[in-house]
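Written below as structure tokens is the structure these notes are about.
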There are 2 protein chains.
Amino acid sequence: MLELNKLRSEIDEIDKKISDLIKYRQSLATKIVRAKKNVFPFDPKREKKLLKKILNYGLDPVMTERIWRQIISFNLSRQKIMKIGILDNDKYCLAAFESCFGPYFESKIFKSKLSLLNALNNEKVEIAFLNKKESEFDDKVYELENVSDFPSTDMFYKSKYSILIKKTEV
Amino acid sequence: MLELNKLRSEIDEIDKKISDLIKYRQSLATKIVRAKKNVFPFDPKREKKLLKKILNYGLDPVMTERIWRQIISFNLSRQKIMKIGILDNDKYCLAAFESCFGPYFESKIFKSKLSLLNALNNEKVEIAFLNKKESEFDDKVYELENVSDFPSTDMFYKSKYSILIKKTEV
């Protein structure tokens, strides 16, 4: 029991250190937004590079993506509560959405792909989240861009999900 | 741009430190399981105490619960890939399940509460995950125990979810 207690208090110390680092990371992320002069904070290219780097540190890739998506998305939400449209037409879309963006944004559920694409095109939402199989669109009609897929590391949802934004916002 | 690059490389350093701490934490968790002589590794009472402590470190509580659920569940899965039954009868159950246990276990979907309770009672699954509103059972028939609720910090799913295990396993 003594050994168990020692191990547990060591875990407590590590949890405190991780918390402090995440807190400090938040303050740096806030400074970055200021340095970028308050542009739209969602930067999927930077996020991809960041995740790729972290995936090299040797943790389980699935867990790594899940944890850092929460860290990144929460930071984003402190800059702006973005409006995200979700195409809710399959079993896993809400689970995938929450693993990707967390419960930190204003989410709006769409039942048809066209209504979601139109909402994004007309800036009623700022981001669209939908099954990758449904993510193609007519680029003569929509000025949209597929900027990222989730998850990048596993197939828990039997499918990938795509993240679209309006082209002019990049 | 110089300032931005400096901030970003500072974030990279912090991400590396967080990764190293999570990795070290995993090794301690493995030692704990050994010290406990390989009992069933799921210990919801300990998890609750742990989370309560971490919630005091001043990070956003919703993000904190999401991140540490992934850390804890992944560690658990390294000890044992538990069989978890999910009552899939509402919109958010899979999202809540994944935020709670991650994509690390063998999950089995049930459409009726009774079939899930029976599967748990007959040890076909080791854990049941279901809407809290559905979590009552006849304790003359079922030797089960409600050991935890998820999430403890928010109502993103419009409902809480309950975690049941078989009494004899405690």
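Take the residues in the range B:1-30 that are of a type in the set (Ser, Thr, Tyr) and under 30 Å from B:Leu50 (Cα atoms), then tell me which one is most open to solvent (accessible area, probe 1.4 Å).
Restricting to residues being of a type in the set (Ser, Thr, Tyr) and under 30 Å from B:Leu50 (Cα atoms), the top hit is B:Tyr24.
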Any residue in the range A:71-78 that is in contact (Cβ under 8 Å) with a residue 60 or more places away in the chain, assigned to a helix (DSSP H, G or I) and of a type outside the set (Ser, Thr, Tyr)?
-> no
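Return a yes/no flag: does the range A:111-126 have any residue that is hydrophobic (A, V, I, L, M, F, W, C) and farther than 30 Å from B:Asn89 by Cβ.
yes
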Residues satisfying the stated conditions in the range B:132-148, i.e. in contact with a helix residue (DSSP H, G or I) (Cβ under 6 Å, 6 or more places away or on another chain) and either open to solvent by 70 Å² or more (accessible area, probe 1.4 Å) or not hydrophobic (A, V, I, L, M, F, W, C) (or both) | B:Glu134, B:Tyr142, B:Glu143, B:Glu145, B:Ser148
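Report whether or not B:Val125 is touching a strand residue (DSSP E or B) at 6+ places or on another chain (Cβ under 6 Å), in a loop (DSSP other than H, G, I, E, B) and crowded, with 18+ Cβ neighbours inside 10 Å. Working first, answer last.
Values: touching a strand residue (DSSP E or B) at 6+ places or on another chain (Cβ under 6 Å): yes; in a loop (DSSP other than H, G, I, E, B): yes; crowded, with 18+ Cβ neighbours inside 10 Å: yes.
So B:Val125 fits the description; yes.
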Assess whether A:Lys111 counts as being modelled with pLDDT of 95 or more, more than 7 Å from chain B (Cβ to nearest Cβ) and touching an Asp or Glu at 6+ places or on another chain (Cβ under 6 Å).
-> no
Considering the range A:75-103, residues that are open to solvent by less than 20 Å² (accessible area, probe 1.4 Å) and over 21 Å from A:Lys158 (Cβ atoms), and then whichever is nearest to the other protein chains (Cβ to nearest Cβ), we arrive at A:Gly102
So A:Leu4, is it at pLDDT 95 or above and not acidic (Asp, Glu) | no
Going through the range A:90-126 one residue at a time, which ones are among the β-branched types (Val, Ile, Thr) and out of contact with any Gly (no Cβ under 7 Å at 6 or more places or on another chain)?
-> A:Ile109
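Considering only residues that are within 14 Å of chain A (Cβ to nearest Cβ), in contact (Cβ under 8 Å) with a residue 12 or more places away in the chain and within 18 Å of the chain's Cα centre (by Cα), which ones fall in the range B:130-170?
Of everything in the range B:130-170, those that are within 14 Å of chain A (Cβ to nearest Cβ), in contact (Cβ under 8 Å) with a residue 12 or more places away in the chain and within 18 Å of the chain's Cα centre (by Cα) turn out to be B:Phe150, B:Pro151, B:Ser152, B:Thr153, B:Asp154, B:Phe156, B:Tyr157, B:Ser159, B:Lys160, B:Tyr161.
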Filter the range A:32-65 down to the residues that are under 27 Å from A:Phe156 (Cβ atoms), touching a residue at least 12 places away in the same chain (Cβ under 8 Å) and aliphatic (A, V, I, L, M), then identify the one that is most open to solvent (accessible area, probe 1.4 Å).
-> A:Leu55
Any residue in the range A:151-165 that is in a loop (DSSP other than H, G, I, E, B), acidic (Asp, Glu) and crowded, with 17+ Cβ neighbours inside 10 Å?
-> no
Check on A:Leu28, over 19 Å from the mean Cα position of the chain (by Cα) and either part of a loop (DSSP other than H, G, I, E, B) or within 10 Å of chain B (Cβ to nearest Cβ) (or both) | no
Flagged in the range B:35-68 as more than 10 Å from every other protein chain (Cβ to nearest Cβ) and assigned to a helix (DSSP H, G or I), in numbering order, are B:Pro44, B:Lys45, B:Glu47, B:Lys48, B:Lys52, B:Pro61
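The values are calculated or read from the model by the stated rules, or taken from the named source; none is laboratory data. Computed from a predicted structure; not experimentally measured. Positions of Cβ are generated from backbone atoms using ideal geometry, with glycine treated the same way; all protein chains shown enter the neighbour counts. Just the protein is used for accessible areas: all its heavy atoms, side chains included, with ligands, DNA and RNA removed. Shrake-Rupley method; radii C 1.70, N 1.55, O 1.52, S 1.80 Å.
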